[in-house]
Amino acid sequence: MKQWMIETASRTALALALMGGVGTVALHAAEVKSIAILAPEQGTDMGWNQQGVDAAKAAAAAAGVEVVVAENLGYGDVRPTLRELGEDGASLLIAHASGYNTAAPEIGAELNIPVAIVDSPDKLEAGKVADYTASGHQGAYLAGRLAAKMSRTKVVGIVVSGEPPSWNNMSVAFAEGVKAEDPAVEVRYAVIGPAAYADAAGGKRVTETVIASGADVIFGQGNGSSFGMLQAVETTKATDGGKAYFIDVIGDKTSIDKGYLLSSVVWDLTPVYGAMIEDLKADKFGTRNYDIKLSDNSLSLLKTKNVPDDIWAQIEAIKADIVSGKIVVEPKYDADSVHKLVKAVQ
């Protein structure tokens with residue numbers, strides 16, 4: 001059930017074209033022969049897995065190095081795959097799932113190969129382990145402001161496929177954005193399961209329940225389960241009889257939208273992976289964590305046709321205040337911080 005792809009990007013034109021997304025990075029292909037990314041689901045999910053795979057390809061292309069993609073690996077033990085990729089010569093192993101953040105450092109240490117993991121910012125180890133718990137909280141705050149502006153029922157919902165640090169961080173920021181915009185708007189919250197990332201059926205069922213509780217805007221964080229969330233929004237009326245809307249994360253589902261997608265907190269991990277390669281070259285890998293932010297467009301909020309221009313202008317003004325520091329959105333990665341701000345839906 002696994003699919004591996006190997007690509008080499010060495011053409012100067014392609015590298016220069018993509019350097020804008022990675023930054024002014026002087027890379028030499030001979031120093032890092034290849035990078036490998038391991039993804040739990042297919043790299044076509046318009047979300048977490050696709051963003052990781054696409055960004056790894058783009059960063060490798062800019063560096064002129066080979067990229068190996070191992071996808072659809074599931075959420076079980078990936079030690080054999082990590083070991084095989086390392087023994088095949090990968091210069092960097094990118095473990096693109098929180099469930100891999102124990103196995104990857106173990107195999108990295110065994111083979112003396114640097115690894116990048118997520119949701120473990122305290123596991124930094126110079127030359128060996130770096131973390132990229134990408135913090136989409138600034139974008140999620142904007143999404144919360146947008147949801148509160150657009151809600152008719154004055155109830156919005158958060159549906160998550162688990163409670164990893166990245167999801168918690170965005171849930172907190174979204175709820176804070178809602179309350180900053182309109183304290184009277186209620187935030188309902190539901191968890192599909194402890195690790196229900198690919199559970200589309202569960203995503204649909206839970207989202208229907210949250211809409212039935214009064215929410216007319218759903219902020220969904222779910223990988224594959226997000227397709228079920230979107231389906232629920234498309235087929236379930238809000239309690240006022242009108243349309244419900246969906247705010248996605250990480251990817252852009254505009255191409256499959258039937259008129260219910262309000263926005264998405266879009267991530268671009270290309271600068272993150274590019275910085276990892278740069279740090280490998282400079283012997284600085286494992287000395288810092290990597291993040292995304294509004295100021296360099298590695299984090300952004302998607303505008304769809306469902307957002308009126310006047311409301312979008314207000315969101316853009318709020319974004320400018322975040323970038324300037326006038327509005328500060330603090331990252332909070334624990335589930336307790338989420339629970340304090342929301343009302344659980346069973």
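Quick notes on this structure:
- Of all residues in segment 246-285 being among the small types (Gly, Ala, Ser) and assigned to a strand (DSSP E or B), the one that is farthest from Val67 (Cα to Cα): Ser263
Residues are listed down the side, and each one gets a yes or a no for (1) within 30 Å of Gln314 (Cα to Cα); (2) surrounded by fewer than 24 Cβ atoms within 10 Å (Cβ to Cβ):
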{"site": "Gly89", "(1), (2)": "no, yes"}
{"site": "Gly99", "(1), (2)": "no, yes"}
{"site": "Ala104", "(1), (2)": "no, no"}
{"site": "Gly136", "(1), (2)": "yes, no"}
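- Residue in segment 112-125 that is among the polar types (S, T, N, Q) and not in a helix (DSSP H, G or I) present: yes
- Unmet requirement for Tyr333, which otherwise passes all of (1) of a type outside the set (Val, Ile, Thr); (2) closer than 16 Å to Tyr141 by Cα; (3) touching a Pro at 6+ places or on another chain (Cβ under 7 Å); (4) modelled with pLDDT of 95 or more: (4)
- Failed condition for Leu38, given (1) over 21 Å from Lys281 (Cβ atoms); (2) out of contact with any His (no Cβ under 9 Å at 6 or more places or on another chain): (2)
- Segment 231-258 residues that are under 15 Å from Phe219 (Cα atoms) and assigned by TED's automatic domain parsing to the domain that holds Asp199, paired with ones that are outside any strand (DSSP E or B) and basic (Lys, Arg) (beta carbon under 6 Å, 6 or more apart): Gln231/Lys204; Ala232/Lys204; Glu234/Lys258
- Filter result (touching a strand residue (DSSP E or B) at 6+ places or on another chain (Cβ under 7 Å) and of a type in the set (Ser, Thr, Tyr)) within segment 136-170: Ser151, Ser161
- Test: residue in segment 220-234 that is modelled with pLDDT of 95 or more, part of a strand (DSSP E or B) and surrounded by 21 or more Cβ atoms within 10 Å (Cβ to Cβ): yes
The values are calculated or read from the model by the stated rules, or taken from the named source; none is laboratory data. These figures come from a predicted structure and were not determined experimentally. Glycine gets a Cβ as well: all are built from the backbone with ideal geometry, and neighbour counts include every protein chain shown.
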